[in-house]
Structures are given as structure tokens and as C-alpha cells.
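The values are calculated or read from the model by the stated rules, or taken from the named source; none is laboratory data. What you see is a predicted model; the values in this text were computed from it and never measured. Heads up, the Cβs are rebuilt from the backbone with ideal geometry, glycines too, and the neighbour counts pull from every protein chain shown.
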Amino acid sequence: MTNTHPIDRFVRALAGVCLLLLGFFWLSGAWQWTAYAASVVMLATAALNFCPLYQLLGINTRSANTLSASPMRTGIAWAVLLATLVGGSYASAFGSRKLFLEDFNAMNGFYKQTLFLTGKGERDKANAQYALLVPALEVFSSKYTRYQPFTLRGDTQWVADLDRVRRMVGDVAGLVKTGDLQTAHLALEQVRPVFQDVFKRNGFSLLAVALVDFHDAMELILDAAQAKDIAKLAALYPGVSDKLVAVEAEAQDADIQAIRRNLDAVDAAARSQQLDALPALGEKLKSSFVKVYLQRG
């Protein structure tokens, strides 16, 4: 007995695949199991061509004159489902990895500033950055303790490493506020190797981390170039250039050098007030970055 139209059946199968991808790559805990359960229901009713809820409500989307599925339509439907599964898996693995790196870089920015300022002995500024680091680390740790993106899924040390970093950062609170800043600096230095080990054992390159960090700053440069805002470009360039230095520390091949040339070309055009050239130069910078990021990001 069947009570679903072929289109209804296909939509159920497609929804089941999407829910499976959502649960596997993007969710955790109760939400993950809810997505899995819904996926099983959608896929089962599609496979059986029968919906128990329709039966209870007296609904039947399959009319007497419904055309039987032709081999061509069936083939197209299977192709779409397979493409969704394979493409969605790749996109989700890539996207969840990128989101993790963006979240890490946002938190790590406060860490790097705190580390730098404690090393310079600037207590007030170090305290201000440390006050931002602690809650940012808590949010990051809470999120990625509950949920591990696919790229970290098999890492049995990850949660323990996060707890270790939280303790290391928390232990220097008194030193940063009123104690020996140099001791705080040396203690905070020990955080970096922990994350470096995480990245190495999970197949991240430090270049990928630096590229994501550079990307967010580069987007501001691109917006300013598109708007032909010379003052904003002048203000942004030093910070963006510093982030590119971190990329260059990991790789210095021709493609990375092209990013540097294009970034400096935007700065040079802004300095010489070549307003009309800025949008095109910004696009050239973006293209050179995307080429590297897609290959190694």
C-alpha cells in the first residue's frame, strides 16, 4: 500500500539526506539525535512509499492517475540525492573546519595580544586584553567541548587539551593583574605549543590558520577599496600587512608572494590617490588569495 506521490517521496528522501548531513557535521547532543531520528523517518517513509501519519489523517498524495516513475526520472532523482550526499559532505567538512578556524582565530587574537603585552611589560593594556581573553576562551571551550567538527572527531586528546589551556590561562590571572608580568608571559607561552600540536595531529597546517586570520582582515581592505576610501585603506593596511606576515612565515612561494604584491599595490594606489584603480586592484587581491585558500586553506 502506498500513499505518497513520487515528488512527495523524492522530497522526503532529499530531506532525509539533508537532516543526516546536518546531524553528522553540524549538531551535537540532543539536537544531533533529533536530526538523526527525523532523517530515519524521512528516509524510511520515502523507501516504503508510505507515510503512517498520512494514513492516520486520511491523506493520500498519490492519486489514481499518478504516472509511474520512468527510468530517466528515477535516475535523475538518484543522481540528485547522491550529489547532495557527496557534495554536502564535502561542503560541510570544509565549512565546519573553516568555522572552527574562524572561532579559534577570534579567541586567539586576544591571546596573542595578551602574550605580546605581558612581554612588553604594559600591565594596563595586558589586563584589558586578558579580560577579553578569558570569556572568549570560555565560549570557545564550551562550544567545542560539546561539539567537535568532523576534522576533530577522532581526536581523543582534544577535550583534555582544551581543559589544560583553560587552566594555564586561568592560573596567570594574579600575575597579569598585580604580579610579575614576565612570569605571566612565560607561562602564557606554553599555550601556543598545545594548540600547535592539536593542529598538527588533526591535519591542519599552520598556514591554513594564518590564511583564515588574514582573510577576515583582508575583507575590510576589499570593502574600503570598493568604496575608494583612501583614509580607511591607510588605517587598515598596517594591521592587514601584519597578518600577511604571519602567512609568509609559513610559506613564501610564488602564490603567497602574489598576495603580497597585490596587497601592496592596493596600498600604493591609495597613497597615490588612484581612486579608479582601487576596485580592480581589490578584486585582483581577492583572486590571488582565493587561489591559495582553495588549495591549502
* Might you check whether a residue that is crowded, with 19+ Cβ neighbours inside 10 Å, in contact (Cβ under 8 Å) with a residue 60 or more places away in the chain and not in a helix (DSSP H, G or I) occurs anywhere in segment 281-293? => no
* Structure fact -> Per the filter on segment 207-231, residues surrounded by fewer than 18 Cβ atoms within 10 Å (Cβ to Cβ), under 12 Å from PHE289 (Cα atoms) and touching a residue at least 40 places away in the same chain (Cβ under 8 Å) are ASP216
* Structure fact -> Restricting attention to segment 268-280, the residues that are among the small types (Gly, Ala, Ser) and surrounded by 21 or more Cβ atoms within 10 Å (Cβ to Cβ) number exactly 2
* To do: Could you tell me whether any residue of segment 162-182 is hydroxyl-bearing (Ser, Thr, Tyr) and in a loop (DSSP other than H, G, I, E, B)?
  => yes
* Answer residue from segment 1-30, given it is assigned to a helix (DSSP H, G or I) and exposed (fewer than 14 other Cβ atoms within 10 Å of the Cβ) and is modelled with the highest pLDDT among those -> ALA30
* Leading residue by the ranking (modelled with the lowest pLDDT) among those in segment 41-97 that are exposed (fewer than 11 other Cβ atoms within 10 Å of the Cβ) and not in a helix (DSSP H, G or I) -> ALA64
* To do: Inspect segment 160-182 for any residue being farther than 24 Å from LEU132 by Cβ, modelled with pLDDT under 95 and not polar (S, T, N, Q) and give the result as yes or no.
  => no
* **Qualifying position, being closer than 30 Å to ASP255 by Cα and out of contact with any His (no Cβ under 8 Å at 6 or more places or on another chain), among LYS120, LYS98, LYS125, LYS177** => LYS98
* Determine whether segment 49-67 contains at least one residue that is closer than 30 Å to VAL17 by Cα, outside the structural domain of HIS215 (by TED's automatic domain parsing), touching a Leu at 6+ places or on another chain (Cβ under 8 Å) and of a type in the set (Ser, Thr, Tyr). => no
